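The values are calculated or read from the model by the stated rules, or taken from the named source; none is laboratory data. Computed from a predicted model, the values in this text were never measured in an experiment. Reconstructed Cβ throughout: ideal geometry from the backbone, glycine too, with neighbour counts over all protein chains shown. When the accessible area is computed, the model is the full protein with side chains, heavy atoms only, and any ligands, DNA or RNA have been set aside. Shrake-Rupley method; radii C 1.70, N 1.55, O 1.52, S 1.80 Å.
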Amino acid sequence: MELSGKRVLVVGLGKSGLAAARFLKERGARVTVSDARPATLIAELPGLLEQGIMVEAGSHGLLTFRRQDLIVVSPGVPASTPELKQVRAMGMHIIGELELGAQYLQGQVLAITGSNGKTTTTSLLGEILQAAGKPTLVGGNIGKPVTELVPESTPETWSVLEVSSFQLETVETFRPRIAMVLNITPDHLDRHGNFENYAAAKARITEFQTAEDFLVLNAEDKATQMVAAKTKAQIYWFSSRRQIKQGAFVHGETIFFIPSEGAKPEPVMPVAEIPLAGAHNVENVLAAVCAARLAGVTSEAIRTAVAAFKAVEHRLEFVRELHGVRYYNDSKATNVDATVKAVEAFAGGIYLILGGKDKDSDYAAMGPLLHERVKTVITIGSAAEKIEHQLAGVVKIERAETMDRAVALAHEVAVAGDTVLLAPACASFDQFQNYEHRGQVFKSLVQSLN
């Protein structure tokens, strides 16, 4: 893609939007950025102006959109934004930061998506490949935006990218050498409208793959299985319940990998050596085993790297034990399925902190599990009333409103042997900057208890 002299608009000044604007400017584009926030809330504004980047703040102007050769939209900006809808109808070229960066990345791309587990799996694969001596970059929806990885990439590099449904909405050539779909469960329905649209966005990870590429899929997830019908890539499966023909699976207490149909299963590692809590993390490791073997990493190197891996911050992260009560931070559990997986990691005795910004979720689906394992649900945030209504009569519920009150309440009532778990099943934007901020506040509050 030739950028020099082109008029390019970047819509949305989040992390990836800022990276895209700077990337475009460095390549000679005439860059404008447009953000709906007022100028007083855009801390980066002076720096952008100094770089010669024009800034439109406070609203999006249709005329600004129409004057461009290319529009790069940030993941946080919905496709339903009126100005985007109008210029799309006019046939204007619209892509996202993922598509922009991927066109310039050198080397091979290993891309991971899924409703849950993608951050842990992405981080784990990055460490496996690095430990195996392969030049490796990690980014995308976590860490560095893709455009920031471009200068570091070489023909020998593996770029391990976490990609979200928001990013995949705007791809047009994105072709990972290895793509992975860990699972597809209801999430972001407030953005996508319905589950079918959300699942279709996830499936776009394989849309431009060919028969030379690989697609790793969850054999136990029905929605993920449907992606198999949409790909031209070679499919490898993973399963924690049964042996499959090609891919990774658990048999007895051991993880095996089958490199091709009819081949002898190769033992990779004992399940007991996985240092992460929860059955869902066994699935994450199985997916990582598939991808790492396809990338040429030996089973021995995978086993060593997995055993040394530490839980990613905000993903079922142990915070501390106080008076026999254990506190866990799973602020990344931003949907119902993620919360279910977090609760399933513990036998019972849980004080569960739920709530935040609702994403059109069905909290009643958690009812039977919460009834079985949770002593009390403590609600916070704007979704509290909906959660309480959908779980009424199923489990004891206390309204705390805020995180500090929720932690204090749990501390007051939990006894030795209990677990206090932050796994909110909601977005964070009603009270926090993002899920990381929410998790950091929780951890700080827990550390201050005595």
Accessible-area order (highest first, 1.4 angstrom probe) of the listed residues LYS375, LYS245
LYS245, LYS375
Which listed residue (ALA79, GLY114, ASN141) has the Cα farthest towards the positive end of the charge dipole for the stretch 69-149, taking +1 on Lys and Arg C-beta and -1 on Asp and Glu C-beta about the Cα centre?
GLY114
What does the accessible area per residue of the stretch 142-266 come to in Å², with a 1.4 Å probe and no ligands, DNA or RNA counted?
42 Å²
Just reorder SER444, SER428 by solvent-accessible area, largest first, 1.4 Å probe, all chains present.
SER444, SER428
Heavy-atom accessible area with a 1.4 angstrom probe orders SER331, SER382, SER123, most exposed first, as SER382, SER123, SER331
Net charge of neighbours whose Cβ lies under 14 Å from the Cβ of GLN86, counting Lys and Arg as +1 and Asp and Glu as -1:
+3
Nearest-10 value in Å² for the accessible area of GLU212, using the 1.4 Å probe
120 Å²
For the chain, what does the helix formula give at 222 nm: sum of -39500 (n - 2.57) over DSSP H segments with n ≥ 4, over the residue count, nearest 500 deg cm²/dmol?
-9000 deg cm²/dmol
Computed for the stretch 145-189: size of charge dipole around the Cα centre, +1 on C-beta of each Lys and Arg, -1 on C-beta of each Asp and Glu, debye to nearest 20, value 180 debye
Can you list residues from other chains, or at least 5 along the same chain, whose modelled amide H is less than 5 Å from the amide H of LEU354?
ILE378, THR379, ILE380
³J(HN,Hα) computed for each position of the stretch 257-274 - Karplus, 6.51 cos²θ - 1.76 cosθ + 1.60, integer Hz, glycine/proline x
10, 10, x, 7, 4, x, 6, 6, x, 9, x, 10, 5, x, 4, 4, 7, 6
For TYR327 the rounded accessible area (nearest 10 Å², probe 1.4 Å, non-protein molecules ignored) is 0 Å²
Roughly how many Å² of ILE397 are accessible to a 1.4 Å probe, to the nearest 10?
50 Å²
Candidates for P(r) over Cα pairs in 20 Å bins from 0, in percent are (1) 27, 56, 16, 0; (2) 24, 54, 21, 0; (3) 25, 51, 21, 3, 0, and the calculated one carries label (2)
For ASP362, project a label point 7 Å along Cα to C-beta. Then give me every residue of the stretch 410-448 with its amide nitrogen under 19 Å of that point.
425-427
Under 12 Å from the GLU212 label point (7 Å along Cα→beta-carbon), backbone N, the stretch 163-200
177
What does the extension gain come out to for MET92 and SER59, with contour length at 0.36 nm per residue minus their alpha carbon separation?
9.9 nm
Within the under-12-Å Cβ sphere about THR157, not counting THR157, Lys/Arg +1 and Asp/Glu -1 give a net charge of 0
Can you give me the % of accessible surface on the chain that is carbon or sulfur? Probe 1.4 Å, all protein chains present, nothing else counted.
50 percent
Summing +1 for each Lys or Arg and -1 for each Asp or Glu, what net charge is found among the other residues whose Cβ lies under 12 Å from the Cβ of ALA416?
-1
Within the set LEU316, LEU168, LEU409, GNM on the chain using Cα springs under 10 Å gives the largest fluctuation to LEU409
Taking R0 as 35 Å and r as the Cβ-Cβ distance between ALA36 and ASP404, the FRET efficiency 1/(1 + (r/R0)^6), rounded to the nearest 0.05, comes to 0.70
With r as the distance between the Cβ atoms of SER4 and GLU385 and R0 = 45 Å, compute the FRET efficiency 1/(1 + (r/R0)^6) and round to 0.05.
0.25
For VAL33, distant residues with modelled amide H under 5 Å away
VAL10, MET54, VAL55, GLU56
Simple spin-label estimate for HIS323/GLU156, 7 Å along Cα→Cβ, in nm, reads 5.7 nm
In percent, what relative contact order does the stretch 286-372 have, based on Cα pairs under 8 Å that are 6 or more apart in sequence?
18 percent
Nonlocal amide H pairs with SER159, under 5 Å, H built at 1.01 Å:
GLN108, VAL109, LEU110, LEU137
